[in-house]
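The block underneath contains the structure these notes are about, expressed in structure tokens.
The values are calculated or read from the model by the stated rules, or taken from the named source; none is laboratory data. None of these values were measured; they are calculated from a predicted model. A quick note on method: Cβ atoms are made from the backbone with ideal geometry, for glycine too, and the neighbour counts reach across all protein chains shown.
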Amino acid sequence: MPANARNWFGLPYVSALFVYHHYGNNPGLMSTVLNAGGTITLSGEDIYGPMGNAYQNVYPETAQPQFQTVEYDFWNPTTVFNQASQTWTNTPLPGRLAFSTANTSPLFVAGVGAQIQIAGYAKLGIQNGYAGVYGYLGQYFDKAYKMTNGVATTNTTGVLSPYGNFFATEPGPSALVTMPDIDTGERGTGIVHCVSLNVDKNHDGNMDLSFNGPDATSQASPMIAWVNNGHCVADSSGGLDRDLVVPPAMPNYAAGQITCQRDLENFFRLWVCGLPSLTNGNYQVTLNWNVVSGSPAINLYESVETNGGTAYLTDTNMAFLQCLATAHGSSPYNIYFSGPGAALAKITTNAPFTFSANYFTNNAARYYLFEGAGIGSGELMLTITDANSNAVVQTGLWLDLHDVRDFFEQDVVRDSTSGAKSNWTSYVETVLPAVTSGLGNDTNMIVLVHGINVRPWDCVNDAETVCKRLYWAGYQGKFTSVEWPCNLLTPIPSPLSPAVFNDSELQGYKASGALTTCLNGLKTRFPNYRLNILAHSQGNTVVSEAIKNGAPFDTYILTQGALPDSAYDVNAPVDTDLTSQEHGEYITPESQPMGYRGVYTNSNFAGRVVNFYNPQDGVLDAWVKDQKLLKPTSYFSTAHYYFNGTDSYFYPALADPYLVTDPEESRADVSRSRTLSIGQSGPASAHGVIKSAVDLNADFGFNDATAEHSAQWTRPIQTSRPYFQQVLISCQIQPAP
């Protein structure tokens, strides 16, 4: 044996043990050791047996290898289908013919909530052997750790088995650490990039990124959102943004841009988290739909907020930056824009979107906004493919996109106004229940009752706005809007009657019976829910009268209420300008039941009553003027109401007078308030049946402009959201921050 003989690994041979069968004298099994640099001689009888057959085995011995760990390598031990060649191949692991020692660890990417298998090996250089020839020692795994700035922390993440089965539970790079080497204590670390699509499913303002947290989505529990199928525009004269009727206006999602700050209440956050740097151009990142029903679609926008936050909903400066878009070409319904206010892509069932090469240049999270652009449900899939079109990873987000009207119940009440006013009644015309729990599933409900000058379209549009803003305030319960037959303040198509406020007030009182039916119906259907009522302006005539007569409620918010302060607090301060009108033929009944004072102080108001007031409300100033100048109501000098100090009478123009016996008719048409409206009156503390109060001017800056009487929906969300947070607080509901 040569002294310098080596094996394939370059290890020098020390000796060789020959084991053979001796066939001469004393036959039997024999062995001889051949040392390196030595020689042995075997006789023919030792080598050949009968018939010339050889019977020997050689057992070479090399020097003990001296190993040094060069690196740790990791592979995914799976069978892969190559899209380019349409063939299946096994991952070339150590020990397989296709394996090369030049193979290094590939990029590992796993979807949060999914499993990946990793095989780990210590690559061992042989110090007393050939250079460039290695041994590979399979490794067991110990734990997976979160990483920060490329360094493993001491915080564990995911679920990792000793055999390399890793279940990702949160986005970001994870360090899969092997068990320590028994001799040296060395460990290897394999990096798995855990990716996810994330939304604020429960709209609490926090983005929970865990796979089973409150914001995790699934087919059984998708994020429910609305499509942006309304139409709001920026006011060209510098006034408030406003909504238009659709049609004839086209839905906002068709514009491909953010139309104005008001439009931003229709946009939801979408985060892409955990993606590694993909800068070599060999990877593609695509978003597409796995459709369950309908035709779901979204428009995707890049967020201008570096932390992916919600300032676009709360800060006018950030909202301005988010809306920026520059047109650089146009066609009737397809305008091309650039900038953050322009859609990055429209992703439909037939049109996936692939990001440009090298778009993801680092492993930082990417922040987007999206608007619903098509009704339907499905999984929005993010897929990373390699240069051979093989899917490296897929992760998804489940969305269920609706018309926002599906989120809330719509009740319509009507008055029957035939015959004498005292005989007027009301009925529930329609009840259109919500078809989805898009707001949430806690045991609260809020009922909105509008004020005067609201058409059916206005009622639905305002309800949509309130629903959206309650959503963004963090509300998780049910919502109902009630339409009642108020009067309009526009003189078209007929001249405006001087008694329009008073007539509408009476219609509100008469609608209270149907509202009571609606509220009782809600209590019957949802017996364990807290019933919270938000009534605006003259809508408080409907609600207060219903409660006086026994309608159920838990919290009642009078917001900018168009009824006297004295109706709720018999000790309310009088207004001398109003009391100065109480003379001669203009005297009116003051106290209940025929007058206002104390009418809403019975035991039915024992629930939580909260007054949202604005001392500067200009519209309620008009209500005060109506009380001063149009009580008793006088259409013409020959047709009027008259109070003689004891009884009230109505003198028609062409009919006999009658005694007014209906308290609702008396308050609407005869009685004058001696106080300002409840919607103008403090204090911001308990008084009368009012348990607490909120000064809208001091707290939220509501001023004396006409539009500010309805600032909670005429303003954009960036300045009105605090109002709705206060609504929730007053209903004893914790709002989102």
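The criterion of at least 1 residues that are among the charged types (D, E, K, R) and within 20 Å of Cys194 (Cβ to Cβ) is met by the following strands (runs of 3 or more DSSP E) wholly inside the stretch 74-172: 141-148. The strands (runs of 3 or more DSSP E) located wholly in the stretch 214-316 that include 2 or more residues which are at negative phi and either out of contact with any Gly (no Cβ under 8 Å at 6 or more places or on another chain) or modelled with pLDDT under 95 (or both) occupy 268-273, 284-302. The single condition among (1) of a type outside the set (Val, Ile, Thr); (2) more than 12 Å from Val689 (Cβ to Cβ); (3) in contact (Cβ under 8 Å) with a residue 60 or more places away in the chain; (4) in a loop (DSSP other than H, G, I, E, B) that Leu578 does not meet is (4). Put simply, of Lys201, Lys143, Lys123 the only residue that is more than 30 Å from Gly95 (Cα to Cα) and not polar (S, T, N, Q) is Lys201. For the stretch 360-377, which residues satisfy the criterion of being β-branched (Val, Ile, Thr) and part of a loop (DSSP other than H, G, I, E, B)? If the condition is that a residue be β-branched (Val, Ile, Thr) and part of a loop (DSSP other than H, G, I, E, B), then Thr361 is the only one that fits. The set of residues from the stretch 505-533 being in a helix (DSSP H, G or I), under 22 Å from Ile733 (Cβ atoms) and either without any contact (Cβ under 8 Å) to a residue 12 or more places away in the chain or not assigned by TED's automatic domain parsing to the domain that holds Val428 (or both) comprises just one member, Arg525. When we screen Tyr556, Tyr509 for residues that are more than 28 Å from Gly205 (Cβ to Cβ), crowded, with 22+ Cβ neighbours inside 10 Å and of a type in the set (Ser, Thr, Tyr), the only hit is Tyr509.
With respect to the conditions (1) out of contact with any helix residue (DSSP H, G or I) (no Cβ under 9 Å at 6 or more places or on another chain); (2) surrounded by 20 or more Cβ atoms within 10 Å (Cβ to Cβ); (3) within 28 Å of Gln476 (Cα to Cα); (4) of a type in the set (A, V, I, L, M), Leu300 falls short on a single one, namely (2).
Residues are listed down the side, and each one gets a yes or a no for (1) of a type in the set (S, T, N, Q); (2) farther than 15 Å from Trp271 by Cα:
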| residue | (1), (2) |
| --- | --- |
| Val304 | no, no |
| Thr310 | yes, no |
| Ala319 | no, yes |
| Phe360 | no, no |
| Leu397 | no, no |
| Arg405 | no, yes |
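Got at least one residue in the stretch 684-707 being over 32 Å from the mean Cα position of the chain (by Cα) and assigned to a helix (DSSP H, G or I)? Yes, some residue in the stretch 684-707 is over 32 Å from the mean Cα position of the chain (by Cα) and assigned to a helix (DSSP H, G or I).
Identify, from the list Leu344, Leu397, Leu324, the residue that is at pLDDT below 95 and closer than 30 Å to Gly440 by Cβ. It is Leu344. Check whether at least one residue in the stretch 378-396 is farther than 30 Å from Ile116 by Cα, of a type outside the set (A, V, I, L, M) and not in a strand (DSSP E or B), and report yes or no. Taking every residue of the stretch 378-396 in turn, none turns out to be farther than 30 Å from Ile116 by Cα, of a type outside the set (A, V, I, L, M) and not in a strand (DSSP E or B). Taken together, the criteria exclude Tyr649 from residues that are touching an Asp or Glu at 6+ places or on another chain (Cβ under 8 Å), in a strand (DSSP E or B) and not assigned by TED's automatic domain parsing to the domain that holds Leu531. Test Gly595 against the criterion of being buried (at least 20 other Cβ atoms within 10 Å of the Cβ), in the same structural domain as Asn453 (by TED's automatic domain parsing) and under 22 Å from Pro615 (Cβ atoms), and give yes or no. For Gly595, the condition - buried (at least 20 other Cβ atoms within 10 Å of the Cβ), in the same structural domain as Asn453 (by TED's automatic domain parsing) and under 22 Å from Pro615 (Cβ atoms) - is not met.
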